[in-house]
1. Could you tell me which of the residues ALA58, ALA102 is free of Cβ contacts under 8 Å to residues at least 24 places away in the same chain and within 19 Å of ASN128 (Cα to Cα)?
2. Within the range 32-52, track down each residue that is within 22 Å of THR114 (Cβ to Cβ) and either at pLDDT below 95 or under 18 Å from the mean Cα position of the chain (by Cα) (or both).
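The values are calculated or read from the model by the stated rules, or taken from the named source; none is laboratory data. Keep in mind that what you see is a predicted model, and the values were worked out from it rather than measured. No Cβ is skipped: glycine too gets one built from the backbone with ideal geometry, and neighbour counts run over all protein chains shown.
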Amino acid sequence: MAGWLILSCSTLQRKGTEIARTITHRPTATSRTTAPESSLDGPWQVFYSWGCGTFSEAAWILNADGTFYSPEADGGGTWSLDGSAFHLRFDHSPFATYTGKANAARDYLEGTMTSDGGKAGCWNARKNIPTPPVTATAASTAVPNPAAGR
């Protein structure tokens with residue numbers, strides 16, 4: 001199994017000449033990349049549409065440990081990044097799964113989504129990078145908007 005590391009293998013019982021075994025797996029470092037290498041952790045602005053029509057907006061907070069939370073969904077789940085392939089799955093109904101690609105800068109994601117109930121849709125997300133506050137100096141040197149004050 002590519003991308004998986006066998007941690008243990010133990011014999012459970014003997015049936016004739018076959019030996020039944022239990023195998024414990026965990027992802028290797030190359031199968032799931034999380035921050036800081038991926039820089040995906042942090043807040044994201046998500047636009048999604050079941051049926052790829054009218055889009056709704058939500059937020060995801062991706063944690064470096066591969067978990068996430070969405071305030072609008074009042075829940076979360078797990079996420080992973082393998083190269084540029086992104087995967088996110090909610091751990092509550094309707095158990096939506098988002099799959100897609102990350103851009104090279106790791107500040108934009110897009111793809112498709114499905115639910116266990118058979119719904120399908122489209123989505124994209126932009127990383128919320130805080131903008132510095134406008135200072136009095138910056139405000140005084142700003143170029144005036146000619147349309148302002150009309």
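1. Just a single option satisfies the conditions, and that option is ALA58.
2. ARG32, LEU40, TRP44, GLN45, VAL46, PHE47, TYR48, SER49, TRP50
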